[in-house]
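One structure below.
Laboratory data are not the source of any read-out in this text; all were calculated from the coordinates shown. If you're wondering where the values come from, they're calculated on a predicted model, not measured in any experiment. Cβ placement follows ideal geometry from the backbone for every residue including glycine, while neighbour counts extend to all protein chains displayed.
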Amino acid sequence: MTTVWHLELRSHEKLNAKPWPDLPLQFAEVEVKQGEFNRFLYQLVGQHWNWRDKNSWSMERWREHTERPEHRIWLLMVRGSPAGYVEMERQPGNQVEFISVGLAKPFIGMGLGGPMLSEALKVAFNWTDEDGNPPERVWLHTCSDDHPSALANYQARGFEIFKVEDE
């Protein structure tokens, strides 16, 4: 059985940001949207945590999913290598969902997860809708199959659990 936690952060003021470690890194938006690259990141990060829900997707579906205006990817690069990413989606009801958050295996344990999540939250809370309104909440879900520190990292940044399910 897998436990799934749904978490939310309802204000940027509740963010407990963690600073970046002293490493040569970049955290930047992937501005040219490509389904192929999103699939690569999903597989790079997710293979160690049994992410399988999108493995059967066709490339056309990856492109449709990725190349929408309400979809964004932020990429963490360390020493020129893809180290992690945050995939997010602006949703109705003035909210942003973090669809995928994670680090590639060689970069786990370097103190990057908290800072990457912190920066992604800053980005999300500054992502205004067409009327200039910032989101009222950022939400995500994680599960017991994820990295053992994932839930604690989300909670340390200020996320609160709003639903728990056993699958």
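Here are the numbers for the structure shown:
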read-out: Of [x] 1.09; [y] 1.63; [z] 0.99, the label for Cα Rg over 2.2 N^0.38 Å derived from the coordinates; value: [z]
read-out: Sites residue 70 and residue 122, calculated FRET efficiency, Cβ-Cβ separation with R0 22 Å, nearest 0.05; value: 0.75
read-out: Computed over the chain: relative contact order in percent, which uses C-alpha pairs under 8 Å that are six or more apart; value: 39 percent
read-out: Under 21 Å from the Cα of residue 18 - lysines, other chains or at least 8 residues apart; value: 105, 122
read-out: Point-charge dipole on Cβ atoms (K/R +1, D/E -1) for the range 3-166, about Cα centre, debye to 20; value: 460 debye
